[in-house]
Every structure is written in structure tokens, then in C-alpha cells.
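First comes the structure, then the notes that go with it.
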Amino acid sequence: MENLKKDVGITISLFEMVPIIPKNLRLKRGAKEQAVLSITNAYIILVCPKIDHCNHRRCTSTSDNICEFCDGEVLAKPFWRAYTPAPSSKKLCQKACSWRSDSTRCYPGTCSNELASQCTCTKGFTGTHCQTMTEKANILENECKLKDSAGRVLTNPSDPNTASPQPTIWTNNVIWHEADTKWDAKYTLTETPPAPDPNGVNHYVTDFKYGIVHATTKLVLERNSATVGQILYICPGVSERSPKTSGFICRETLTLSALPVPFQHDDKMTFTIKANIGGYLKLMNRENNNNIEYHSLTQSVHEREYLYHWDLVNPYHCVGVSPAGSCPQFLTVVDLTENDVNSWVRGSHEFHEN
């Protein structure tokens, strides 16, 4: 068979159907060969040139060679093939956006001409499969109110609609016994992704959910440059499988006795809120009995942080201890608590006399 290939300049196959050379054709092998090959019950077949990732080629010559169907082409329609011949008029089999892990799901996103090389992720997503979220949850309002048994309240931040960083809230009260915390958030896409198809007919993605999937409120107490205690509250009502895009509220009263109280001079307590956005998609693997696969989105995190600082050094005025005329002006400022107390500022510190 190999000798015949060399003599007639064509490829021989008994398994592909292409134009037939008549039976009983007598072909001379060459000058050194005296025998004549007679082909009577077989066909000499012209094989169409190779097309990468093509499962079946058709041609009448090398110039009109096309691919009838490509590797992974379950149906000849978008979202049903791992390689597509369509953009090249069947001259090539090009990698399509698909369910295959070595391609791209490109969801949420769109694929121009079905091509994986032309995947454009929906705004707010990036990555090989458009699986990584780049935007953050919108925290609408947040505050922490320290309370003591006398009814005093100290709010941080002073404006609940203000994002961090904010000025440190100073206090000399060592008997705060609870912290009322509350905040809310939402997240919606700024661009609408293609709709999934629960039946898998018009898209291999059958389900897609996104939103706030995890949220926490945390108080961390630092003393002498070391963390000595913390309270962590995991907000209920959200998870990767049950995300929320709106209406998310996290409220909880935290008991400060869980920390090493009473508070001491130079203690610092951080009030931190954190919202993760994420979600998942489900897709139909058309080459594996249409099994449904679950894929998590890569989450992004939005965190806000506010600081309380204890200063237990009593304020003083320099009259009587400094030369006449050298004392700075005594300054009275608006108090941040919700009760009438006197407040002074010395340097950058704010003090409260109860």
C-alpha cells in the first residue's frame, strides 16, 4: 500500500467514502518493478486534507475541503458545540465557548461568533470563565453604638451613611457593656448577562445566581499592641446558594463582657463590617449525559472599619502651671454621645467628663 502511495501520489484508504477510481485499473509500480498491480475488488480513495479538530471532512479536491462536523459538535447550533466550523464557512474547526474545562464557559458574558477567543465578560466579572467578581457590595448604612448602664451612648461613625476611613472616636468611659450594631447592603449588576436556560436548549448554562453571600460584624480589642479579644457575628440569611441582591440587613447587639473588660487606658477597639458578593452557575455538560455541573463564582469583599480609642488621662488646663499668656485657648466642642457631657480637645484627643 505504501508503494502505491508513492507511485500515484495519493493516499489510500478503504474506510472513507470519496470519489472512486474504476475497478480493474492497471497501475505500473515503477521502473524497477516488473509486476503490474491489478486492483479489482477495492477502491483507491482520495482522502481530504486534514482539518484540526474535525471529525468528518468532505471534498472533491483540496481547494473545496470542508468540515462537516467538528470535535464536540453535539448539534450544529450555538451553545451545542465545543468546536465550531461556522465562522470560517467550515474551513476550520475553532474552539467555541462551551462546557469544556479547557475552553471558557464565558458566563456571565458573550462570545462573538461563538469563539472562545472572542469572549467578553459581563461588566463586573473577569477571568478565564468570567467567574471572578470585580465589583463590591454597596453598603448603604452602618453604625455601632456603645451603651452603658447609665443610658449613655457613643456612636461610630457619627454619620451612619459615611464610609471609612473616619476620625477615631475617643472615650474615657470604661463601663460600656454592649454594642448595638446594624448595617445594610445591596448589590446588583450594572450590565444584564445573557439569560440562562433551565432546560438547556438555548444555552448550556441552566442556572445563575449572584449577590451578597456572606457577611460579618466584628469587634476586636487591642491592648498594648496585641489583640486581647474579639467578638465575631456572622449575619444570617445569606449563603452562596442563597445570595441576596437587595434587602440585606445585619443587626445584632454584642455583649462586651465577652472581651477582657473593664477597658483600660490606650485600649483600641475596631468595629469592622464585611460583605462578600459571590454566587454560582450550573451548566449542562453535553458530552457527559447532560450532567449538571456546579461552579462557584470567585467572591469579592467590601470591608469598612471604624475605631474607638480609650484615653483615661484626666484633662487639665495650663493656667497656674505655665507662664501668663502662654496657655492655649480652652475649647469646647460638640459631644458625640447622646447625653449632655462636657468635652475637651487636647491636641488630637477628645475627652469626656461624665
Name the residues in the range 96-108 that are in contact (Cβ under 8 Å) with a residue 40 or more places away in the chain and over 19 Å from residue 199 (Cα atoms), would you?
none
Close pairs (6 angstrom Cβ cut-off, 6 or more residues apart or separate chains): open to solvent by 40 Å² or more (accessible area, probe 1.4 Å) in the range 149-175, among the polar types (S, T, N, Q) and assigned to a loop (DSSP other than H, G, I, E, B) anywhere:
152/339
Quick check: anything in the range 164-181 within 24 Å of the chain's Cα centre (by Cα) and either in the same structural domain as residue 292 (by the TED database) or at pLDDT 95 or above (or both)?
yes
Using the structure shown, decide if residue 228 is under 30 Å from residue 288 (Cβ atoms) and either surrounded by fewer than 13 Cβ atoms within 10 Å (Cβ to Cβ) or of a type outside the set (Lys, Arg) (or both).
no
How many of the residues making up the range 76-88 are touching a residue at least 12 places away in the same chain (Cβ under 8 Å), within 29 Å of residue 297 (Cβ to Cβ) and part of a loop (DSSP other than H, G, I, E, B)?
4
Can you tell me which residue within the range 61-72, out of those that are open to solvent by 30 Å² or more (accessible area, probe 1.4 Å) and under 17 Å from residue 100 (Cβ atoms), is nearest to the chain's Cα centre (by Cα)?
71
Restricting the first residue to the range 127-139 and requiring it to be within 18 Å of residue 111 (Cα to Cα), which pairs with a second residue that is of a type in the set (S, T, N, Q) meet a Cβ separation below 6 Å and a spacing of at least six or different chains?
128/104; 129/104; 131/298; 132/126; 132/298
Looking at (1) closer than 20 Å to residue 295 by Cβ; (2) over 18 Å from the mean Cα position of the chain (by Cα), which one does residue 150 not meet, given that it meets all the others?
(1)
Of the numbered conditions (1) modelled with pLDDT under 95; (2) over 18 Å from residue 249 (Cα atoms), residue 140 satisfies every one except a single condition; which is it?
(2)
Grab the strands (runs of 3 or more DSSP E) fully contained in the range 232-314, keeping just those with 1 or more residues being touching a Leu at 6+ places or on another chain (Cβ under 8 Å), in the same structural domain as residue 144 (by the TED database) and surrounded by fewer than 21 Cβ atoms within 10 Å (Cβ to Cβ).
248-255, 268-285, 291-296
Show the residue pairs that are 6+ apart or on different chains and have beta-carbon atoms under 6 Å apart, the first residue being within the range 226-239 and among the polar types (S, T, N, Q), the second being open to solvent by 60 Å² or more (accessible area, probe 1.4 Å) and at pLDDT 95 or above.
none
Out of the residues in the range 104-114 that are within 17 Å of residue 77 (Cβ to Cβ) and either open to solvent by 10 Å² or more (accessible area, probe 1.4 Å) or acidic (Asp, Glu) (or both), which is nearest to the chain's Cα centre (by Cα)?
110
Hey, residue 282 closer than 29 Å to residue 220 by Cα, basic (Lys, Arg) and under 27 Å from the mean Cα position of the chain (by Cα) or not
no
Given the conditions (1) open to solvent by 50 Å² or more (accessible area, probe 1.4 Å); (2) over 21 Å from residue 272 (Cβ atoms), report the number of the one that residue 136 does not fulfil.
(2)
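The values are calculated or read from the model by the stated rules, or taken from the named source; none is laboratory data. Keep in mind it's a predicted model, so treat the numbers as computed, not measured. Please note: Cβ atoms are built from the backbone with ideal geometry, for glycine as well, and neighbour counts cover all protein chains shown. We work out accessible area using only protein heavy atoms, side chains counted, and drop any ligands, DNA or RNA first. Shrake-Rupley method; radii C 1.70, N 1.55, O 1.52, S 1.80 Å.
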